[in-house]
Amino acid sequence: MSRVAIIGSGFIGRAWAISYARAGHDVVLWDEERDAPGKALAYIETILPDLEANDLLEGASATDVRARMQSVATLDEAVAGAAHVQENTPEDVEIKRNVFGRLDAAAGPDTVLASSTSAILPSAFTMDLKGRARCLVVHPINPPYLIPAAEIVPAPWTDPAVVERTAAFLRAAGHSPIVMKREIDGFVMNRMQGALLEEAFRLVAEGYASVEDIDIGLREGLALRWSFIGPFETIDLNAPGGIRDYAERYQQIYARIFPSAQWRADWTGPVMEDIEAERRRQLPADRLAERQNWRDRRLIALAAHKRRADREIGR
């Protein structure tokens with residue numbers, strides 16, 4: 001197994017640490033804030049027993065997985081000998097440029113430098129690097145130890161062999177990489193999620209449905225199928241003759257809808273007053289952290305169920 005360096009050990013960094021250590025890698029955490037890696041490891045220690053209890057540690061014990069992680073004092077020490085670096089610093093292009101400059105100077109020539117950024121194109125912070133061919137984005141849905149999908153986004157100059165190597169590395173760690181052919185704002189997941197959110201805001205802004213009714217539509221409707229098959233497979237199975245048959249039968253519905261979707265509701269405008277008020281009636285602000293913990297426990301249960309279903313029913 002390889003050495004993996006986690007650069008930035010907040011929410012995303014600590015989640016990646018679990019994922020890579022579970023896969024058997026030696027994981028080192030470094031952060032500009034000296035006490036952050038210790039806090040991350042303390043949090044990880046509270047999560048590992050639940051993962052072990054739900055058979056989500058690949059047969060290892062919580063103790064064994066924890067033993068594969070350590071913090072280090074310097075960035076140079078973190079990347080020394082690392083095969084893969086996962087950067088998780090704030091969503092600020094200047095910070096990314098600075099950190100990647102330091103990583104490119106310190107890491108060995110064969111080390112892959114990956115950013116967890118969810119919004120910044122890799123070309124924006126790697127263009128001036130000597131080793132820019134080994135740089136790319138690996139963007140997870142948080143937390144990656146429970147949600148396997150991760151986007152691999154190359155810059156125009158990223159070596160295709162680095163993309164292939166990173167995809168293989170992620171698959172070996174239990175992930176399902178989305179291998180993009182080229183970069184675009186929002187990548188894949190945020191563009192898909194954004195399309196749903198834009199429509200959700202429009203429906204509330206124009207008074208067609210409540211926040212809870214829209215959540216029900218996803219939670220108790222579309223998301224049930226989408227949790228194990230995607231939108232293309234869904235429509236392939238929703239017409240007798242498959243995906244072309246579906247398009248011929250139903251394209252006119254979506255063509256009719258499309259013109260009414262060509263405007264944006266201002267997410268911070270008047271509609272937010274209604275949306276926030278309804279959400280706070282559903283969940284008071286002082287219970288947000290409690291509900292976040294509930295969400296993560298549900299994700300653990302769902303991940304365990306999907307693994308069992310994959311074994312017993314097939315993918």
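The values are calculated or read from the model by the stated rules, or taken from the named source; none is laboratory data. Please read all numbers here as calculations on a predicted model, not as lab measurements. Positions of Cβ are generated from backbone atoms using ideal geometry, with glycine treated the same way; all protein chains shown enter the neighbour counts.
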Review point. When you go through Ala195, Ala200 one by one, which is the residue that is free of Cβ contacts under 8 Å to residues at least 12 places away in the same chain, over 22 Å from Ala303 (Cβ atoms) and surrounded by fewer than 20 Cβ atoms within 10 Å (Cβ to Cβ)?
Key: Ala195
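Given the options Ala149, Ala80, name the one that is at pLDDT 95 or above, under 21 Å from the mean Cα position of the chain (by Cα) and not basic (Lys, Arg). Quick ask: steps written out before the conclusion?
Values: Ala80 fails: under 21 Å from the mean Cα position of the chain (by Cα).
Result of the check over Ala149, Ala80: Ala149.
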Check your understanding: Does the stretch 126-145 hold any residues that are at pLDDT 95 or above, closer than 18 Å to Ile6 by Cα and of a type outside the set (Ser, Thr, Tyr), and which are they?
Key -> Arg134, Cys135, Leu136, Val137, Val138, His139, Pro140, Pro144
Exercise for review: Mind telling me which of the residues Arg191, Arg182 ends up being out of contact with any strand residue (DSSP E or B) (no Cβ under 6 Å at 6 or more places or on another chain), in a loop (DSSP other than H, G, I, E, B) and modelled with pLDDT of 95 or more?
Suggested key: Arg182
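Answer yes or no as to whether Val65 is surrounded by 13 or more Cβ atoms within 10 Å (Cβ to Cβ), closer than 24 Å to Ala150 by Cα and either over 22 Å from the mean Cα position of the chain (by Cα) or of a type outside the set (Asp, Glu) (or both). If you could, list the steps in order and put the result at the bottom.
Working: surrounded by 13 or more Cβ atoms within 10 Å (Cβ to Cβ): yes; closer than 24 Å to Ala150 by Cα: yes; either over 22 Å from the mean Cα position of the chain (by Cα) or of a type outside the set (Asp, Glu) (or both): yes.
Judged against the criteria, Val65 is a match.
Based on what the data block shows, is Ala15 crowded, with 22+ Cβ neighbours inside 10 Å, in the same structural domain as His175 (by TED's automatic domain parsing), at pLDDT 95 or above and under 17 Å from the mean Cα position of the chain (by Cα)? Break it down into steps so the answer makes sense when it comes.
Details: crowded, with 22+ Cβ neighbours inside 10 Å: yes; in the same structural domain as His175 (by TED's automatic domain parsing): yes; at pLDDT 95 or above: yes; under 17 Å from the mean Cα position of the chain (by Cα): yes.
When the stated conditions are applied, Ala15 passes them.
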Practice item. Report, by residue number, each residue of the stretch 146-183 that is free of Cβ contacts under 8 Å to residues at least 12 places away in the same chain and among the aliphatic types (A, V, I, L, M). Key: Ala161, Ala168
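Tell me, yes or no, whether the stretch 198-207 has at least one residue that is farther than 25 Å from Leu56 by Cβ, under 25 Å from the mean Cα position of the chain (by Cα), not in a helix (DSSP H, G or I) and not basic (Lys, Arg). Talk me through it step by step, then tell me what you get.
Filtering the stretch 198-207 for residues farther than 25 Å from Leu56 by Cβ gives 198-207.
Add one more test, that the residue is under 25 Å from the mean Cα position of the chain (by Cα), and what stays is 198-201.
Next, from what is left, pick out any that are not in a helix (DSSP H, G or I): none.
No.
Let me confirm something: among Ala119, Ala167, Ala149, which residue is more than 30 Å from Asn54 (Cβ to Cβ), in the same structural domain as Asp76 (by TED's automatic domain parsing), among the aliphatic types (A, V, I, L, M) and surrounded by fewer than 19 Cβ atoms within 10 Å (Cβ to Cβ)?
On the way: Ala167 fails: more than 30 Å from Asn54 (Cβ to Cβ); Ala149 fails: more than 30 Å from Asn54 (Cβ to Cβ).
When all the criteria are applied, what remains is Ala119.
Given Arg281, Arg298, which one is without any contact (Cβ under 8 Å) to a residue 60 or more places away in the chain and over 25 Å from the mean Cα position of the chain (by Cα)? Explain how you work it out, then say what you get.
On the way: Arg298 fails: over 25 Å from the mean Cα position of the chain (by Cα).
Checking each option against the conditions leaves just Arg281.
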Exercise for review: Could you figure out which of (1) free of Cβ contacts under 8 Å to residues at least 40 places away in the same chain; (2) surrounded by fewer than 22 Cβ atoms within 10 Å (Cβ to Cβ); (3) touching a helix residue (DSSP H, G or I) at 6+ places or on another chain (Cβ under 7 Å) isn't true of Gly59?
Suggested key: (3)
Practice item. Kindly indicate whether Ala155 is within 20 Å of Ala5 (Cα to Cα) and surrounded by fewer than 22 Cβ atoms within 10 Å (Cβ to Cβ). Key: no
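Output the helices (runs of 4 or more DSSP H) that fall wholly within the stretch 73-126 and possess 1 or more residues being within 17 Å of Phe187 (Cα to Cα) and in contact (Cβ under 8 Å) with a residue 12 or more places away in the chain, or say none. Working first, answer last.
Values: elements: 75-79, 93-106, 123-126.
It comes to 93-106, 123-126.
For the stretch 2-35, give me each residue that is hydrophobic (A, V, I, L, M, F, W, C), in contact with a helix residue (DSSP H, G or I) (Cβ under 8 Å, 6 or more places away or on another chain) and part of a helix (DSSP H, G or I). Please lay out each step first, then the result.
The first filter runs over the stretch 2-35 and keeps only residues hydrophobic (A, V, I, L, M, F, W, C), leaving 4-7, 11-12, 15-18, 21, 23, 27-30.
Pick out the ones that are also in contact with a helix residue (DSSP H, G or I) (Cβ under 8 Å, 6 or more places away or on another chain) and you get 4-7, 17-18, 21, 23, 27-30.
Ala17, Ile18, Ala21 - these are the residues of the stretch 2-35 that are hydrophobic (A, V, I, L, M, F, W, C), in contact with a helix residue (DSSP H, G or I) (Cβ under 8 Å, 6 or more places away or on another chain) and part of a helix (DSSP H, G or I).
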